1. Go ahead and estimate [θ] at 222 nm for the chain from helices alone: -39,500 (n - 2.57) per DSSP H run with n ≥ 4, summed, over the residue count, rounded to 500.
2. For Val49 and Met65, compute 0.36 nm times the residue count separating them, minus their Cα-Cα distance, and round to one decimal in nm.
3. Can you tell me the 0 to 90 degree angle between the C-alpha axis of helix 59-84 and the longest principal axis of the chain, rounded to 10?
4. Would you mind telling me which residue in Met19, Met69, Met40 has the biggest mean-square fluctuation in a Gaussian network model of the chain, where springs connect alpha carbons within a distance under 10 angstrom?
5. I want to check the label-to-label distance for Ile24 and Ala77. Put each point 7 Å from Cα in the C-beta direction and report it in nm to one decimal.
6. Taking Cα pairs under 8 Å and at least six residues apart, what relative contact order does the chain come out at, in percent?
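Read the figures in this text as sums done on the coordinates, not as results from a lab. Computed from a predicted structure; not experimentally measured. Glycine also receives a Cβ, built like all others from the backbone with ideal geometry; neighbour counts cover every protein chain displayed.
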Amino acid sequence: MIDYALYFAFACFGSALLMNLWKIVTAHGVGDRVLALDTMVVNSIAILVLMGIFQGTEVFFEATMIIAMLGFVSTVAFARFMLRGNIIE
């Protein structure tokens, strides 16, 4: 039963990644693209966690922590760049 739930979750998060990619391509403003990229990072983290559950390894969980930190830092840096024009003051 857990296999069917994992396949369904993979399909849901895979379609969410495709919808985020579509939003990145068709968004009018830069802010919408940044939000779509941030949501794409969250969805990719979810897919990596699902892969870790599916394969029963802990390597994917460590990779998700690294991707989560990089995603947070990149979102904050891009938001500061959009607001102030520079990242480091």
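1. Values: 3 runs with 77 residues, N = 89.
The helix-only estimate for the chain comes to -31000 deg cm²/dmol at 222 nm.
2. Details: separation 16, 0.36 × 16 = 5.76 nm, distance 1.00 nm.
Length difference between fully extended and current span is 4.8 nm.
3. Roughly 20 degrees between the two axes.
4. Met69
5. So the two model labels end up 1.6 nm from each other.
6. Details: 58 pairs, mean separation 21.3, N = 89.
About 24 percent, as a whole number.
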